[in-house]
């Protein structure tokens, strides 16, 4: 276990250096910064709110601080607790003090929970694998069990996607850790013997990602299929009344941690189901994009009825293939296939129920990702338990092969070599890609963000809001309200009629990389003052030390709304 912790720390450090984390690459990306802002607001002012808003949010809540319309509460609460507990400065002797209050240093606190979950997952997967092998196949030698556990734990730590989520304030690793523990409790038996506590675990895990709303019934049904008090290695079918009681208790436990969050959503938005991420289902449908859906100060018009069903079905068919290919890439297909085969012929029942739940959860996650933004990153929480369970299933299948003890041992060592070898290749490739991506990031370096925050503090009043494509990252560094950039310059006026923003800050590497509709202003900002409808009173452009083009637009007073014909 100590070896896994040391290996995890080394791999994390290599990946952080590849990104040049905290220098060329800010710790807070777009998603991570939204959580950090909400956590800081909670820690400093005791309210669930944020100082960043997408233009669509202005239609419902025009004034800052804005209620939380996108983020989930788990990471917000955890980061707020860390923010409250962390010191403001560190004294080194009598003459030297390190100030930890600056945004650049404070943002590193958001790494603590993901990093801890990264190491915990590597150790937990190894420990669980050893325990499950000992329970299901006690004839296996201790050395083989330890080798299997170490291989599974190390394979997780070698996953470059896991390393990436550990160097940013993302929700994937805490959510994956909760899932892994939940599946283990199914396989080992406690899930059905203590269904209320099992449900509470699912609820806490669900505070990190909304996907648990769909996964919880699957896991609770798995707990209901196992008879409390049965032999841990055998399991058994519970009587029907008992099944319903276990299921109901588990679902009740799931609802307890989430109930305050649903009440908050109800009071802030009028419905407990409010979440802007639901609009992702229309991303790529009928010409809509996430930007066109959320960067206008109004609720988008979306298809309805049979037309909507047809468009969604078309999107699902279009995205399932690439996502399925990414989920089964390389050895992943071998692990999934082994788990599917083992479910047909394997024993005991508890392990089969857990394996079936893992496969079903992976299928649900795949469907949700295909219906949403269709990014491979959304498959990661399902991949972590799926690949570990698949490797264990393959280990068990090898034990049934007619190879003799020596042949089985040789094949298992070959599997270990495949797991570690493919993981090492992925790590090298991932770090190479990280170095390339760091130089092409849409976010400027930390030094540029600090300089922009200082410049804004000098030019504008403390509470003056800004509209910028840097979004929540700028709000973190500048400590002022920030509205994300409107869809086009022509849409600024509609945003201002909801919330009057007088200053626009554009920061892009090149004009060609600016958003559609904004590239001309980035390239020739002086001409923006000539476009009467844009109401630009003054424009200024300069270049940062890291090569970003920066354009500042000062807007004129908001004009009266033009009369409409009756």
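Annotations for the structure displayed:
- 0 to 90° range, to nearest 10: angle between helix 73-85 axis and the chain longest Cα axis: 80 degrees
- In this calculation the C-beta distance from residue 360 to residue 318 is compared with R0 = 35 Å, giving a FRET efficiency of 0.90.
- Centre-to-centre, using Cα atoms only, the range 471-497 and the range 335-399 are separated by 42 Å.
- CD proxy at 222 nm, helix term only [per DSSP H run n ≥ 4: -39500 (n - 2.57); per residue of the chain; nearest 500]: -19000 deg cm²/dmol
- Extending 7 Å from Cα along the Cβ direction at residue 410 and again at residue 460 yields two label points whose distance is 7.0 nm.
- Annotation: the residues 264, 184, sorted from fewest to most other C-beta atoms within 10 Å of their own C-beta, follow the order 264, 184.
- For residue 214 and residue 424, the difference between the fully extended length at 0.36 nm per residue and the C-alpha to C-alpha distance is 72.2 nm.
- Relative contact order %, the range 446-555, counting alpha carbon pairs below 8 Å whose residues are six or more apart: 23 percent
- The range 111-439 shape via C-alpha gyration tensor axes, a/c threshold 1.5: oblate
- If R0 is 60 Å, the Cβ-Cβ spacing of residue 341 and residue 512 corresponds to a FRET efficiency of close to 0.75.
- The range 392-525 shape via C-alpha gyration tensor axes, a/c threshold 1.5: prolate
- Rel. contact order, % - alpha carbon contacts under 8 angstrom, at least six apart, the range 111-439: 21 percent
- Relative exposure of 156, 380, judged by other C-beta atoms within 10 Å (fewest first): 380, 156
- Tilt relative to the chain, helix 404-439 - C-alpha long axis, 0 to 90 degrees, to 10: 0 degrees
- Computed extension length for residue 45-residue 112: 21.9 nm, one decimal, from 0.36 nm per residue of separation with the Cα-Cα distance subtracted.
- Extension gain for residue 542 to residue 451 (0.36 nm times residue separation, less C-alpha to C-alpha distance): 31.5 nm.
- Bridge type composition, the range 446-555 - antiparallel percent by DSSP, nearest 5: 70 percent
- Recomputing volume of the Cα convex hull per residue in Å³ from the coordinates shown identifies the correct label among [x] 149; [y] 180; [z] 157 as [y].
- Rounded to 10°, Cα long-axis angle of helix 195-206 versus longest principal axis of the chain: 30 degrees
- Gyration tensor (alpha-carbon) shape descriptor, the range 446-555, a/c threshold 1.5: oblate
- Per-pair calculated FRET efficiency, R0 = 30 Å: residue 256 and residue 20 via Cβ, rounded to 0.05: 0.10
- Nitroxide proxy distance, nm - points 7 Å out along Cα→Cβ at residue 532 and residue 101: 5.0 nm
- DSSP finds beta bridges in the chain, and of those with both partners inside it, around 70 percent are antiparallel.
Every read-out reported here was derived from the displayed coordinates using simple, explicitly stated rules and does not represent laboratory data. Note that this is a predicted model, so its numbers are computed, not measured. Glycine also receives a Cβ, built like all others from the backbone with ideal geometry; neighbour counts cover every protein chain displayed.
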